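For reference, the structure discussed in these notes is given below.
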Amino acid sequence: MMLSLPDDEQMALSQGVADFLAGNFPVERLRSTDTRDVERWDELVGLGVIGLSLDEDQGGLGLSVVEEVLVCRELGRTLVSPAIIGAMLAPHVAIRGGQDVLAVSLRSGERRVGLAVGGSDGDARVVDAADGLFLFLTGSELSLVEGAQTSLRCIDETVCLAAAPLPGTVLAGIDAPELAWAAHVMAAAMLCGQLEAIRDMAADYARTRVQFGRPIGAFQAIKHRCTDVAMGADMCWAQVWNAANALHSGAADAEFQAHAAKWLAGDEAIKAARFNIQVHGGMGFTQEVDAQLLLKRAHVLHQLFGNPRLVPARLVEFELET
Amino acid sequence: MGLVPASALDDFRSGVRSWLQTHVPAEPAPSITRDGIAHRDFLRGWQRKLHDSGWAGINWPSAFGGRDLGAMEQIVWFEEYARAGGPDCFGLSVAQSHAGPTLIQAGTPEQRAFHLPRILSGEAIWCQGFSEPGAGSDLAGIRCRGDVEGDEIVVNGSKIWTSFAQAADYQELVLRTEPGSQRHKGLSWVICDMQSPGITVRPIKSMDGEYHNCEVFYDNLRIPLSNVVGKLGDGWRVSMATLAFERGRSFIGSQVRLLRTVERLLDFARDTNGSDGEPLIADPSIATRLGELRARASGLKSMTYFSVARSMNDEVPGAEGTYVALMLAELKQQVYRLWMELLDMRGLEVTDVPHATNPVLQYLFSFAATIGGGTSEVRRNIIAERILGLPRHDAVAELPA
């Protein structure tokens, strides 16, 4: 059993990243700029985000997945590209796969890496691979792959989606469950940040939008669903925190906790994002407010690392001590 | 606060485990019948056993006879209690988790000296006396009168949904002692001896066949003024203060029990064949629903522990503490709803399996979860207004000048 909260240093790290992102990666950037997040990884290298969990002699900060989920929650709050998970994990894969030179260029942000998972047609689906290189994750295996890609039009226009035939050229490949499950909780943490952003956006609007002579948040049909969003956000963060600590301490149930965290966060984020569109009424249906973007990004994150439709049935296969 | 190593608690855990293994009653709690006597005797016996072995009042201050265990030890206790199949006794928890803590916080030395030992030893069973026919979710609508006459309060009116009043010895009675007062004002929290003349108890049959609740009528019942807890007219504050004492930890036991129930449901689906001759769990649609429940139960557990960690750290439970009760109640209903579905035609039969482990009776009982102690709708209002800062339902927007 684990009972812990982020300590002061961890909170300071999280707050520092939050402040930086609020100033430098505000959500509005996604409407007005053509510069993609992946072209600005050097800024996140400077912040220590990329390399956070690398040892200090590898040029990292020597922290763990516990700090990574705190950082990822903030990255998710301002909708930083999901490819950041690839950028954070790729140096580990290169080092363990014996590609030290590649590792250095990945850690410095010089080589940029997309994030890829298997598509149902056998090709990989790649998110934001700027240089033709991507981190491919399947089960507990991670590989760094180079290969041709065909651009697809993504429902979320703020990320680049592409199809890449497999196997491609594998530069490094490892079987590393703890890294794979870390990717799951990092994506779940990004969904948590997004859930909190949705919670705040919906509640802000419900407090201020007046119809029928009162703020719409006075109506129970609205306020009860706002409550459900807030409850989902808190539950998912608690689960992500628990899963990250389980992974870090090598707990027997870490894999279950990570998968449960990822599925719960995706499911809750999509539910919340749907409601947020509804609460915004006509404007929620437009691209003039961000409600639609939050929904689309939640779908992208939910599809990462394994078909979410099939995950719950897998969760019953774990042996758990209760 | 960092991680607390589990090993530090290992000795405590094994002590708890072995005690529970030998002492948890082999037979589950008897049904709560119209007179409630068999159930009451069971409760008394079990609490007496806990008391004699030093397990009464685990979260009570030692100055009042409790064990004063830390939050971690409390969690271990609740985990082991659920693992050992310890009886789930609401009829004890009113006294242990509510009346006792209220007396500790607001009682007079005489009230504490008389009642606390009787509560700990199981000699005294308590019931609540808050809700009324016209004051259910809206508790501040209390109308039951207590007129002060000399050194007595004369009580007239009625209470409803008082759990286990048919066999209780004392009641936490909240009365309107200032005639004409409104809402939260003018209420008093009074100890009511259930054997006093002027009380009539009408047990109410619940949809699961048990007599969980009663309606209680008061006809010129006379209670000494010395039974007022806190100040006369200060009953609302006295009622609310107890919640701070609990800090949400009383939910740990229910939460761990629900987690065990999900695992039992999984076992049922593994061990039971469907009409196709295959185990139910081999059906992907069933496995999916079970997996979703398992994930949600895990999320609820994480939220519960997060909340406890926060209350250990700064003594102020976070928002997630408020969510736990709401989610627990709704998840419990989902679990038993699925169990009922998986039983197919057998779900129509009431077997001799005792209430506590009978999935059909628990399915019926689970409807109480989102009603008792405040409906889910009222809980949602409270969360929306207090945590999210949403306007009250009667808020009116200011019109532009």
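Applying 0.36 nm per residue to the separation of B:Val24 and B:Asn156 and subtracting their alpha-carbon distance, the gain on full extension is 43.4 nm.
Cβ crowding within 10 Å, taken as a proxy for footprinting-reagent exposure, orders A:Val289, A:Val279 from fewest neighbours to most as A:Val289, A:Val279. Its Cα centre serving as origin, region A:1-154 has a Cβ charge dipole (Lys and Arg +1, Asp and Glu -1) of approximately 540 debye. In this rough spin-label picture, where each label sits 7 Å from Cα along the Cβ direction, the B:Arg183-A:Glu110 distance is 6.8 nm. Remark: A:Val159, A:Val126 ranked as A:Val159, A:Val126, counting other beta-carbon atoms within 10 Å and listing the fewest first.
For region A:208-265, the average shadow cast by the Cα convex hull is 4.8 nm², which is a quarter of the hull's surface. Counting, for every residue in A:258-268, the Cβ atoms of other protein chains within 10 Å of its Cβ and taking the mean gives 3.
Candidates A:Ala87, A:Ala130, A:Leu44 compared by Cα position along the dipole of region A:1-153: farthest toward the positive end lies A:Ala130, with charges placed on Cβ. Relative intensity of region A:8-174 on a log10 scale, I(q)/I(0) at q = 0.19, 0.20 Å⁻¹, equals -1.25, -1.36, per a Debye sum over C-alpha point scatterers of equal strength in the absence of solvent.
In summary, the lysines within cross-link reach of A:Lys262, defined as a Cα separation below 18 angstrom excluding same-chain residues under 8 places away, comprise A:Lys271, A:Lys296, B:Lys301.
Two tests apply to each whole DSSP H helix in chain A, Cα reach of 15 Å or more along its axis and mean Kyte-Doolittle hydropathy of at least -0.5, and the ones passing both are A:8-24, A:65-77, A:83-96, A:177-208, A:220-248, A:254-279, A:291-302. As a rough guide to protection, the peptides A:37-45, A:232-240, B:146-154 ranked by mean Cβ packing within 10 Å, highest first, stand as A:232-240, A:37-45, B:146-154.
Students often check this: by mean Cβ neighbours within 10 Å, which of B:13-24, A:131-142 ranks highest, and how do the rest follow?
Working: B:13-24: 14.6, A:131-142: 20.5.
Ranking, from highest mean packing down: A:131-142, B:13-24.
Compared with the dominant principal axis of the Cα atoms in chain B, helix B:250-271 is inclined by about 30°.
From the Kirkwood radius over Cα pairs of region B:253-392, Stokes-Einstein at 20 °C and 1.002 mPa s returns a whole-number translational diffusion coefficient of 129 µm²/s.
Which of B:Arg294, A:Arg73 has the fewest other C-beta atoms within 10 Å, and how do the rest follow up to the most? Don't skip to the end; give the middle numbers.
Values: B:Arg294 23, A:Arg73 26.
Placing the least packed residue first, the sequence is B:Arg294, A:Arg73.
Just so you know, the Cα atoms of chain B work out to an Rg and Dmax of 22.3, 75 Å. Given R₀ = 22 Å, what would the calculated FRET efficiency be for B:Gln105 paired with B:Ile382, taking r from the Cβ atoms and rounding to 0.05? Working from the Cβ atoms, E equals 0.50.
What you get for chain A, charging only the Cβ of Lys and Arg (+1) and of Asp and Glu (-1), is a dipole of about 1480 debye around the Cα centre. Per residue of peptide B:284-295, the mean number of Cβ atoms on other chains within 10 Å of the residue Cβ is 6. Grab the beta carbon distance between B:Ala397 and B:Leu225, set R0 = 60 Å, and tell me the FRET efficiency rounded to 0.05. Efficiency for this residue pair is about 0.80.
Using alpha carbon coordinates only, what is the Rg to Rh ratio of region A:94-139, with Rh defined as the Kirkwood radius?
Working: Rg = 11.8 Å, Rh = 11.4 Å.
Result: Rg/Rh = 1.03.
Beyond 29 Å in Cα-Cα separation lie the following of the pairs B:Lys205/B:Lys231; B:Lys49/B:Lys159; A:Lys223/B:Lys332: B:Lys205/B:Lys231; B:Lys49/B:Lys159.
Eigen-decomposition of the gyration tensor built on the alpha-carbon atoms of the protein assembly as shown gives equivalent ellipsoid semi-axes of 51, 29, 24 angstrom, largest listed first.
What percentage of all Cα-Cα pairs in region B:177-303 are separated by more than 18 Å?
Details: 5948 of 8001 pairs.
The calculated P(r) of region B:177-303 puts 74 percent of pairs beyond 18 Å.
Under the convention that each Lys and Arg Cβ holds +1 and each Asp and Glu Cβ holds -1, the size of the dipole of the protein assembly as shown around its Cα centre is about 1880 debye.
When peptides B:219-226, A:308-315 are sorted by average Cβ neighbour count within 10 Å, with the highest value leading, the order is A:308-315, B:219-226.
Averaged across A:307-316, how many Cβ atoms of other chains sit within 10 Å of each residue's Cβ atom? Please report the intermediate quantities before stating the final value.
Working: counts 0, 0, 2, 4, 4, 11, 11, 3, 9, 15.
Mean partner shielding for this stretch: 6.
Quick note: the coordinates plus some simple rules give every number you see, no bench work behind them. All figures in this text were calculated on a predicted structure; none of them were measured in a lab. Quick reminder, even Gly has a Cβ in these numbers, built from the backbone with ideal geometry, and neighbours come from all protein chains shown.
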